[in-house]
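Chemist: So that we are looking at the same thing, I have put the structure below in structure tokens.
The values are calculated or read from the model by the stated rules, or taken from the named source; none is laboratory data. Because the structure is a prediction, the values reported are computed rather than measured. Using ideal geometry, Cβ is built from the backbone for each residue, glycine included, and neighbour counts are taken over all protein chains shown. Please note that ligands, DNA and RNA were not included when accessible areas were found on the heavy atoms of the full protein model with its side chains. Shrake-Rupley method; radii C 1.70, N 1.55, O 1.52, S 1.80 Å.
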Amino acid sequence: MPDVIVKESKINGKGVFACRDFKKGELILKWDISHELSEEEANKMPDEEKRYVAFWEGKYVLQLPPARFVNHSCDPNTFVKDFSDFALRNIKEGEELTSDYSKEPEPNMNMKCNCGSEKCRGVIRG
Ligand SMILES: [Zn+2]
């Protein structure tokens, strides 16, 4: 049984969902960072792929599944550290995992937000 599963999301396209309970602070998902990009390569990516490029600790990394399907929320339940997603609070089995993309400031980011949170800022900017 995997810890997470990718399936249809109410927020946007596909999302990543917890297959078990996670405790606050627990490691959920280690990113596969084998696809590091130069700034030039990152800028050349088509728009559909660009949304999967994370800019973190000075590196451009093309996110692979399942990490690439973690949706943004203005009220997220995960945070990023050491190229991994950790639980920001206790997460229950079946919850969608979300991350605040504006904490990973990809310089050209300007995406409409559909997270549905009460704290929603409407637009995600780097
Ligand atoms: Zn939002």
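Chemist: Quick check: is even one residue across region 5-16 outside any strand (DSSP E or B), over 14 Å from the mean Cα position of the chain (by Cα), closer than 14 Å to Q63 by Cα and in contact (Cβ under 8 Å) with a residue 12 or more places away in the chain?
Modeler: Scanning region 5-16 turns up no residue that is outside any strand (DSSP E or B), over 14 Å from the mean Cα position of the chain (by Cα), closer than 14 Å to Q63 by Cα and in contact (Cβ under 8 Å) with a residue 12 or more places away in the chain.
Chemist: Is it true that G116 is at positive phi and either surrounded by 13 or more Cβ atoms within 10 Å (Cβ to Cβ) or within 15 Å of the ligand (Cβ to nearest atom) (or both)?
Modeler: On the way: at positive phi: yes; either surrounded by 13 or more Cβ atoms within 10 Å (Cβ to Cβ) or within 15 Å of the ligand (Cβ to nearest atom) (or both): yes.
Against the criterion (at positive phi and either surrounded by 13 or more Cβ atoms within 10 Å (Cβ to Cβ) or within 15 Å of the ligand (Cβ to nearest atom) (or both)), G116 qualifies.
Chemist: Of all residues in region 18-36, count the ones that are touching a helix residue (DSSP H, G or I) at 6+ places or on another chain (Cβ under 6 Å) and in a strand (DSSP E or B).
Modeler: 1
Chemist: Could you say whether any residue in region 69-77 is open to solvent by less than 60 Å² (accessible area, probe 1.4 Å), in a strand (DSSP E or B), within 16 Å of the ligand (Cβ to nearest atom) and under 18 Å from S9 (Cβ atoms)?
Modeler: So in region 69-77, the residues open to solvent by less than 60 Å² (accessible area, probe 1.4 Å) come out as 69-74, 76-77.
Now drop any that are not in a strand (DSSP E or B), which leaves 71-72.
Retained after the next criterion (residues that are within 16 Å of the ligand (Cβ to nearest atom)): 71-72.
Still in the list and also under 18 Å from S9 (Cβ atoms): 71-72.
Yes, region 69-77 has at least one match.
Chemist: Out of V61, V53, report the one residue that is free of Cβ contacts under 8 Å to residues at least 40 places away in the same chain and either surrounded by 14 or more Cβ atoms within 10 Å (Cβ to Cβ) or among the polar types (S, T, N, Q) (or both).
Modeler: Numbers: V53 fails: free of Cβ contacts under 8 Å to residues at least 40 places away in the same chain.
Checking each option against the conditions leaves just V61.
Chemist: Quick test of your reading of the structure: S84 fulfils all but one of (1) polar (S, T, N, Q); (2) within 16 Å of the ligand (Cβ to nearest atom); (3) surrounded by 15 or more Cβ atoms within 10 Å (Cβ to Cβ). Name the failing condition by number.
Modeler: All conditions pass for S84, except number (2).
Chemist: Now for a different question. Only one of R20, R125 is within 16 Å of the ligand (Cβ to nearest atom) and open to solvent by 40 Å² or more (accessible area, probe 1.4 Å). Can you tell me which?
Modeler: Going through R20, R125 in turn, the sole match is R125.
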